[in-house]
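See below for the structure under consideration.
The values are calculated or read from the model by the stated rules, or taken from the named source; none is laboratory data. As the structure is a computational prediction, the values presented were derived from the model and not from experiment. All Cβ positions, even for glycine, are placed from backbone atoms using ideal geometry, and neighbour counts span all protein chains on display. For the accessible areas, the whole protein counts, side chains as well, though only heavy atoms, and no ligand, DNA or RNA atoms are used. Shrake-Rupley method; radii C 1.70, N 1.55, O 1.52, S 1.80 Å.
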Amino acid sequence: MQYTLAHYSGLIPLGAVMLWRPPVPYWLIACGFGMSWVGDTIMLETGGSWAYGYVWLPIQIGLILLALAATWAMRAAVTVGVALLTVLSVAHARPDIVLTVVGSVWILWQAHGRVTPSLYVYFGLGTVLYLLMLGADNILPAWYGYQASRLVAYGAFCWAVSWAT
Amino acid sequence: MGYVSRIPRFLWRVFRHEQRTFGVEVYLALQALVFGAWLLAPWDTFQQVPDIYSTLGLVPEWIWGCLFFGHGVLHLAALEMGSMRLRHRGTSVLVFLWMIVLISFLTTAPLSSATPMYAFPALAGLWASIAQTRGGRA
């Protein structure tokens, strides 16, 4: 039951933007959050290998960085940067972790406005708990913490969206 | 003993009301810079104690070096420019980076001296970040 809830929780931000109809950047961020549902679905269907679901990570990071970019030059830089990072990370044993860490730092540096708490919790605390999950002998406590941080981030995003309309 | 008993209240006053974060931020930025430079050096730091760096080792050492060194440079630039917005982002990212390093030790050697040594910059960064939201400019 909790795994199903965790799987579908990634769709909460999309529900919020469909309800409140905020400006475009919020839709991009909601789609970015929703990519985790896409990635989880792919991994569930293909048996858990990162390889098949890897494509959702750069799309998630790219969508959120595009939402935070203020000018077309920055958007171009984000697109090129994320593409380069994706290509370079594939050479490593765990490209998903490389992309998660570098992407999270990049997003934390760029976060601004009312979505900042949501992004700090998801890509700051969430990434820390995700890495704790990978390193711990018993992953369940860290997994629960990680899922709780995702829910808090989605709640903060819903708050930001409600103020944006 | 009078002075000793006043220390907890003094620390609480500093934590709750002090807004001068400049010195702490310079120290933290330099620490990140030096840590990043060390990881970028030709020798393999993670291989010195591979079990302890198991979590950090999921990402190549040179990437960590670039993240810490680059962050140190950006934060020092923000301090030099006097941009409060960038300084606040710098301290926030710093908390995240040091928390990841701390986790690597908490999962492998939680009682080693590395735990307080790596927890402190994360906590100092968190304090600076909170103090900045209270209007810290100094």
Which value, in debye to the nearest 20, gives the size of the charge dipole of the protein assembly as shown about its Cα centre, when Lys and Arg are +1 and Asp and Glu are -1 at the Cβ? 1280
Put B:24, A:152 in order of accessible area, largest first, 1.4 Å probe: what do you get? A:152, B:24
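When the solvent-accessible surface of protein heavy atoms is calculated with a 1.4 angstrom probe, in what order do B:68, B:15 fall, highest first?
On the way: B:68 0, B:15 95 Å².
I get B:15, B:68, largest accessible area first.
Which FRET efficiency value, to the nearest 0.05, do you get for residue B:40 and residue A:77 by plugging their Cβ-Cβ distance into 1/(1 + (r/R0)^6) with R0 = 35 Å? Could the numbers behind the result be given before it?
On the way: r = 24 Å, r/R0 = 0.67.
Here the calculated transfer efficiency is 0.90.
Restricting to DSSP H runs of at least four residues, report the calculated mean residue ellipticity at 222 nm for chain A, -39500 (n - 2.57) per run over all residues, nearest 500 deg cm²/dmol. Write out the running numbers ahead of the final one.
Numbers: 10 runs with 130 residues, N = 165.
Roughly -25000 deg cm²/dmol at 222 nm, from the helical runs in chain A.
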At 7 Å along Cα-to-Cβ for each site, give me the label-to-label distance between residue B:115 and residue B:19 in nm. 3.7
May I ask you to derive the FRET efficiency for residue B:3 and residue B:48 from their Cβ-Cβ distance with R0 = 41 Å, giving the value to the nearest 0.05? 0.50
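Nothing charged except the Cβ atoms of Lys and Arg (+1) and of Asp and Glu (-1): what's the magnitude of the dipole of chain A about its Cα centre? Round to the nearest 20 debye. Present the calculation step by step, with values, prior to reporting the outcome.
Details: 5 positive and 4 negative charges, 84 e Å.
It comes to approximately 400 debye.
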May I ask you to derive the FRET efficiency for residue A:70 and residue B:81 from their Cβ-Cβ distance with R0 = 25 Å, giving the value to the nearest 0.05? 0.85
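How about the range B:30-134: which trypsin sites (Lys or Arg not before Pro) there lie in a loop by DSSP and see at most 11 other Cβ atoms within 10 Å? Can you show the working numbers first?
Numbers: sites: B:85, B:87, B:89, B:134; in loops: B:134.
Those that pass, being in a loop and sparsely packed, are B:134.
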Work out how much length residue A:114 to residue A:90 would gain on full extension: take 0.36 nm times their residue separation and subtract the Cα-Cα distance, in nm to one decimal. 5.3 nm
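Using a 1.4 angstrom probe on the protein heavy atoms only, line up B:80, B:25 by accessible area, largest first. Mind dumping the intermediate values first?
Values: B:80 150, B:25 0 Å².
Result of the area sort, largest leading: B:80, B:25.
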Could you tell me which residue out of A:161, B:48, A:32 lies farthest along the dipole of the protein assembly as shown toward its positive end? Charges go on the beta carbon: Lys and Arg +1, Asp and Glu -1, centred on the Cα centre. A:161
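Between rounded, prolate and oblate, where does the range A:1-119 land on the alpha carbon gyration tensor, with a ≥ b ≥ c its root eigenvalues, rounded for a/c under 1.5, else prolate if a/b exceeds b/c? Write out the running numbers ahead of the final one.
On the way: a/c = 2.10, a/b = 1.07, b/c = 1.96.
The shape class here is oblate.
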Once residue A:4 and residue A:24 are pulled to full extension, the length gained, defined as 0.36 nm per residue separation minus their Cα-Cα distance, is 4.3 nm
At 1.4 Å probe size, what's the solvent-accessible area of residue A:35? Round to the nearest 10 Å². 30
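Computed over the Cα atoms, what is the radius of gyration of chain B divided by 2.2 N^0.38 Å, N being its residue count?
On the way: Rg = 16.5 Å, N = 138, 2.2 N^0.38 = 14.3 Å.
Chain B yields a ratio of 1.15.
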